[in-house]
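K.L.:
Dropping the structure in here first, questions after.
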Amino acid sequence: MLRICSFFLFVFTLAAEPADWIWSGRYVVSQDAARHVIENGAIAIRGDRIVAVGPKAEIDRRFQAKQRLDRPDAILAPGLINTHTHAAMSLFRGIADDKKLQDWLEKYIFPAEAKNVSADFVRWGTRLGCLEMLLGGTTTFTDMYYFEDVVAEAAKEAGMRGVLGETIIGFPVADAKTPEDALRFTESYIQRFRNDPLIVPAVAPHALYTNSDATLKAARALANRYGVPLIIHLSETKSENDTEQAKRHSSPTETLESLGIFEGRTVAAHCVWMSEGDLAIVKKRNVGVAHCPSSNMKLASGVAPVARMLTLGINVGLGPDGPAGSNNDFNMFEEMDLAAKLQKVTTLDPEAVPAGAALDMATIGGARVLGMGKEIGSLEAGKRADVIAVRLDRPNAAPLYDAISQLVYALKASDVQDVMVNGRPVVRDSKILTLNERQILIKAAEFRAAIAASLR
């Protein structure tokens, strides 16, 4: 009898497909086209790709894995996608809260950056940001800052995916004295990282109001020459719109359209003060919108018409923005929750943005904003293996009736237990595997002392 069992085990092993990993959980929230939620589900992974998603029993029959992660008290979901942030600004966390945006920028942030930003600042600030993001289930982040080559190096060290834009702005900054210098630097940065498996380099003119028309056009031409995204702040505040109306009798969106800035892959952050005409341009040009509810609320910038955007079929993702006045963390679970609730209370419609739509914005919707919908954002065969496990054995997770509702309204970033990016485990049992957490926190304290001294 033992010989017969051994024979059938041998035959089964030969017949099973090889896999590097099988992850299983109480639920798999796939975010595929049908939005399947699989109870007692599993994911088979080979290399950096998902090879199958389905019921655990079926995956176990089909695949023989080198390693397993079984989480019977967890939801498996796609890694969260942050479509707008400034990771290195984690080192400015809390230095200028409760200010108006223009005051915050001009009186606090720009001066603090002039005194403190360096390649070393950016490296450690990005490490701190990546540490927080990965522990909270974010596997892809979209960045706009200086020394973006250093941001890319830090992201790769962390094992994190990034769409990383070098900032181009119309005054001297730490890594470029002129916009022309910034454009030259950006081109060499793009050339270095354009074929990287984790990094998508991007061109990031800060905003219409901080760049000349000529610089904006040059940024668009550079992005198109290399087929990379252009990232820009757009219509974040009423004063931005009012200033442009007074100057050219057009909205910022209309001005950028007239300059040809949307003629190529574009991610526009905020998009708060948008008319129907503006939204029509965004839809026509397939501009991806990065909605930043925490930031817009904290700075009292206004409420982006996200429900209307979604009705029009505009691709909308979520971003926490920068953790220094506009938002003090990188918590994408918080952004999902607020994105849904903010639209409900401002439209007086509890059905305005349901939980599923909020989760879409943090996953497959965010992927589409970045032009990466075929690679990330859902758990499907052929896609990159970016997966998170969110634990369900805590009081805020019980009882559970609907896995998607639980992810958006009940579960927290601190409930993330495991994270995989590109087929590589980077968080296990809520502990980072790729970075030295203690060293990063020590360096953050050192930078805090230096920054505080510089502001006296």
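K.L.:
Does the stretch 225-296 come out rounded, prolate or oblate by the C-alpha gyration tensor, with a ≥ b ≥ c the root eigenvalues, rounded set by a/c under 1.5 and, if not, prolate when a/b is larger than b/c and oblate if not?
P.N.:
Oblate shape, in that a/c is at least 1.5 and b/c is the bigger or equal ratio.
K.L.:
Continuing with the same structure: Which lysines does Lys156 reach when only Cα atoms under 26 Å apart count, and residues fewer than 8 places away in its own chain are ignored?
P.N.:
The reachable lysines, counting only those whose Cα sits under 26 Å from Lys156, are Lys66, Lys374, Lys383, Lys412, Lys431, Lys443.
K.L.:
Can you give the FRET efficiency to the nearest 0.05 for Glu351 and Asp393, using r as the Cβ-Cβ distance and R₀ = 30 Å?
P.N.:
0.45
K.L.:
Right, something else. Which whole-number percent gives the relative contact order of the stretch 80-369, counting Cα pairs below 8 Å spaced six or more residues apart?
P.N.:
It comes to 20 percent, rounded to a whole number.
K.L.:
On each of the three principal axes of the Cα atoms of the stretch 165-211, give max minus min coordinate, whole Å, ordered largest first.
P.N.:
Taking max minus min along each principal axis of the Cα atoms, the stretch 165-211 gives 33, 18, 14 Å.
K.L.:
Continuing with the same structure: For the stretch 59-205, treating each Cα as an identical point scatterer without solvent, what Debye log10 I(q)/I(0) comes out at q = 0.20, 0.21 1/Å?
P.N.:
The computed values of log10 I(q)/I(0) come out as -1.25, -1.34.
K.L.:
In addition: Summing Lys, Arg as +1 and Asp, Glu as -1, what charge do residues with Cβ under 13 Å from the Cβ of Ile81 carry, Ile81 excluded?
P.N.:
Once positives and negatives cancel, what remains is -1.
K.L.:
Loop-only trypsin sites (Lys or Arg not before Pro) in the stretch 111-197, please: DSSP not H, G, I, E or B, and at most 11 other Cβ atoms within 10 Å.
P.N.:
Lys177
K.L.:
Something else: Obtain the radius of gyration and the Kirkwood radius of the stretch 255-403 from its C-alpha atoms and give Rg over Rh.
P.N.:
When Rh is taken as the Kirkwood radius, the ratio is 0.98.
K.L.:
What share of the DSSP beta bridges in the chain is antiparallel, in percent to the nearest 5?
P.N.:
If I count the DSSP bridges inside the chain, around 40 percent turn out antiparallel.
K.L.:
Another one. Which percent, to the nearest 5, of DSSP beta bridges fully inside the stretch 18-143 are antiparallel?
P.N.:
Taking every DSSP beta bridge within the stretch 18-143, about 50 percent pair in antiparallel fashion.
K.L.:
Let me ask something additional. Compute the label zone of Asp213 within the stretch 234-266: residues whose backbone N is under 11 Å from the point 7 Å along Cα-to-Cβ.
P.N.:
Within reach of a label on Asp213, which here means backbone N under 11 Å from a point 7 Å along Cα→Cβ, the stretch 234-266 contributes 248, 255-256, 258-260.
K.L.:
Within 10 Å, Cβ to Cβ, of Lys107, how many net charges do the neighbouring residues add up to if Lys/Arg are +1 and Asp/Glu are -1?
P.N.:
Net local charge, Lys107 excluded: 0.
K.L.:
Related question: Beyond 14 Å, how much of the Cα-Cα pair distribution for the stretch 319-370 remains, as a whole percent?
P.N.:
When all Cα pairs of the stretch 319-370 are counted, 56 percent exceed 14 Å.
K.L.:
Need one number: % antiparallel among DSSP beta bridges in the stretch 264-420, to the nearest 5.
P.N.:
Around 40 percent of the beta bridges assigned by DSSP in the stretch 264-420 are antiparallel ones.
K.L.:
I need the semi-axes of the equivalent ellipsoid of the chain: take the C-alpha gyration tensor, multiply each eigenvalue by 5, square-root it, list largest first in whole angstrom.
P.N.:
Semi-axes from the Cα gyration tensor: 38, 24, 21 Å.
K.L.:
Continuing with this model, one more query. If the reach is capped at under 17 angstrom between alpha carbons, list the aspartates and glutamates near Lys217, excluding any in the same chain fewer than eight residues apart.
P.N.:
Qualifying aspartates and glutamates at Cα under 17 Å: Glu166, Glu180, Asp181, Glu187, Glu254, Glu257, Glu263.
K.L.:
Need the full-extension length gain, Ala34 to Gln67, defined as separation in residues times 0.36 nm minus the C-alpha distance. One decimal, nm.
P.N.:
Length gained between Ala34 and Gln67: 9.0 nm.
K.L.:
Take Ser258 and Asp196, extend 7 Å from each Cα along the Cα→Cβ direction, and tell me the distance between the two endpoints in nm.
P.N.:
Using points 7 Å along Cα→Cβ, the separation is 3.8 nm.
A short reminder: the numbers here are calculations on the coordinates, not readings from a lab. Owing to the predicted nature of the structure, the values given are computational and were not obtained by experimental measurement. Cβ sites come from the backbone with ideal geometry, for glycine too, and all protein chains shown count toward neighbours.
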